[in-house]
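Data block below; observations after.
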Ligand code: 3H9
């Protein structure tokens, strides 16, 4: 007899004496209200049916269960809650087995921990990654994981958000056994049934994780370890809310009776749910997936992508080559002469040598990767490649010359990409006979590490070329963001404006050290002047000279930075910039001479310096960012506000828990941002012009997120 189930997302079927409960809620079997209701009903049904001797929980499709349905957070709760479901599973009087394949994450793992026995297939990925969403495990995970793994490994799992494989899960005690078999739903079902059969044959009964005390036996040692973890976490988690809550909950699980500790865990979980950090981090999670949904990639199929050419073997070209090699593709690198090719190859090899030195790559594996790398001084070597990325000197005439060669040698249909950070890609495309094949791929340095890839879409490019660029990003494991053509695209264009706001703050009296400190307090790893010292002040100097030539009306020509550059103080590489770096130090110390230069410059142009609080600094810095972000969206340079958010989260160090500049602006309220801009405009009306989109949204009482949803 099979138990009929009115909820198709949870299906039940009898296999002999085992009730198989299958979760079928694609794509990731998230624990929506319907799944929770289905699970509860299935356990009740199993309990009530004398013919059922054991229960098997199994996921269909790609995995077991990826966790709570995060789209439900922030909405009114629907019964039953996940803790109720877990507790009901654990309380079941008949043995409950969970068979895990693919992701068993967050609430999904908590369901498995509430089950009585666990078997994992080879591809299972277990984890409690809630911390990455500003949360903590909220369905008994903070109590049950330590009972199975021990306190320190469980806390490490929860604080890192790391996924572990089946073997590690077995070694740490999270699962009871591994099973061979197909890594899919039917494979998990077969493994689970075999295990349940064995348990029944042995007469094994329910075995509740809450009763497992061995790992917590030494309470004193556990509490001492927690104290140490707490101190380390307070230092490392830099203002994040949920990591310390995780530790509090684990502590309660050691000190208090189980049910009381469960209640406390729930309280802490609800505090995390209510925190703006949760809203920011979940926005970031979805935004990073939305960015790949662009009209061209949905309308067209990517072109073949089996080999890549890179023109230029400097830092950028070599970094791009490594990213492509890491994706398993062959690379042909072009340089102008043998010496340059040798340098390019050395730049590539250096990265892999570093990995060998750290023990993360064997010399044989390095050799295997480099076997896919070829260098040449002849453009003809690119004749067969599917996609070429040009990464030569940032000068339009130099780039056009490269594209003329590519036009001459590349096969019809090859994608021709330029890695530029601001040049006019329409002009590059127009200079050759196949503008439909030309696209911008703006990598960020180091290109093999940085996640962001701006895919810059010129007017004449065909949709399948855009789709191919998104496919490349996927292979390279990058976060791709579609951008339109303009000076600086999304990221550097907005950066130029808030960087100018920082310079204006300094001209008006704030010190670079105060500005950096305010920006770090907001959650950035570094302030803008530290970044400038790291990148090299000469880069900004060159840009300012270029802008001065075109007389950009928004740029007040900044003199203080120029005074430093004229002295050759370019930052870390010259031992001094905004900060001092004595004897190759990597962390700078404030330089009184810089303050004196700033004071002299203010005096020279007749500015009476004023003091700024950190809050005043941030209000200007962020309002400039949001205002330019609004322009970028309005002009269609970014498809949606969320694309701007992802650029700043993945490429510019914007604190992830704030969700990105546009999400942050929604959180504080657009009226406040607009009011700030209007107030600042009283002193500097040229720079502080409210973006029309911002004005329009405020007038309508709408926010940026309304545009994300409408897109
Ligand atoms: C939790 O469990 C709290 C509990 O402790 C307590 C509760 C009381 N919900 O990433 P992909 C969507 S917190 C809803 O592209 P992949 C995703 O948006 C949760 N939707 O695939 C995408 O949608 P679309 C703890 C979700 O194969 C689609 O599924 N769990 C969820 O590269 C495919 O996703 C986590 O933090 C979800 N939980 O990676 C795990 N997860 O197609 C979060 C995914 O419309 N998830 N979606 O764009 C992941 O890490 C990855 O999605 C996973 C698959 C590894 C599972």
| query | Restricting to the stretch 10-274, what percent of DSSP beta bridges are antiparallel, rounded to 5? | reply | 30
| task | Starting with the fewest neighbours, write out 569, 578 ranked by other beta-carbon atoms found within 10 Å of each beta-carbon. | result | 569, 578
| task | Describe numerically, in nm with one decimal, the distance between label points set 7 Å from Cα along Cα→Cβ at residue 667 and at residue 542. | result | 3.6
| Which parts of the stretch 590-605 would a label at residue 573 reach, counting a residue when its backbone N lies under 17 Å from a point 7 Å out along Cα-to-Cβ? | none
| note | Stretched fully, the stretch from residue 586 through residue 79 gains (0.36 nm per residue minus C-alpha distance, one decimal, in nm) 177.1 nm
| Stokes-Einstein at 25 °C, 0.890 mPa s, Kirkwood radius from Cα pairs: D for the stretch 583-711 in µm² s⁻¹? | 147
| Between residue 350 and residue 610, what length in nm is gained on full extension when 0.36 nm per residue of separation is reduced by their alpha carbon distance? | 88.7 nm
| So how tilted is helix 185-202 from the main axis of the chain? Cα-based, degrees 0 to 90, rounded to 10. | 30
| message | Just to be sure I understand: if I project the alpha-carbon convex hull of the stretch 1-140 onto a plane and average over all orientations, what area do I get in nm²? | response | 7.8
| query | Under the definition of Cα pairs under 8 Å and six or more residues apart, what whole-number percent is the relative contact order of the chain? | reply | 9
| Using alpha-carbon positions, what is the distance between the centroids of the stretch 113-144 and the stretch 525-549, in Å? | 45
| task | Round to a whole angstrom and tell me the spacing of the C-alpha centers of the stretch 384-425 and the stretch 487-520. | result | 32
| task | Take every Cα pair under 8 Å in the stretch 305-489 that's 6+ residues apart, average their separations, divide by the length, and report that relative contact order as a whole percent. | result | 21
| field | Principal-axis tilt of helix 537-550 within the chain, Cα atoms, nearest 10 degrees | value | 60
| note | Rounded to the nearest 0.05, FRET efficiency between residue 535 and residue 211 (Cβ-Cβ, R0 45 Å) equals 0.20
| query | By how many degrees, 0 to 90 and rounded to 10, does the Cα axis of helix 614-634 deviate from the longest principal axis of the chain? | reply | 90
| request: Measure off 7 Å from each Cα along the Cα-to-Cβ vector at residue 365 and residue 618, then give the distance between these two points in nanometres to one decimal. | output: 4.2
| note | Restricted to the chain, the DSSP antiparallel beta bridge percent, nearest 5, is 30
| message | Given a Förster distance of 22 Å, report the FRET efficiency between residue 156 and residue 358 from their Cβ-Cβ distance, rounded to the nearest 0.05. | response | 0.60
| message | Could you give the length gained by full extension between residue 236 and residue 430, i.e. 0.36 nm per residue of separation minus their alpha carbon distance, to one decimal place? | response | 64.8 nm
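Each reported figure results from applying straightforward, stated rules to the coordinates on display, with no laboratory input. Predicted, not measured: the structure shown is a model, and the values here were computed from it. Cβ coordinates were reconstructed from backbone atoms using ideal geometry, including for glycine residues, and neighbour counts include every protein chain displayed.
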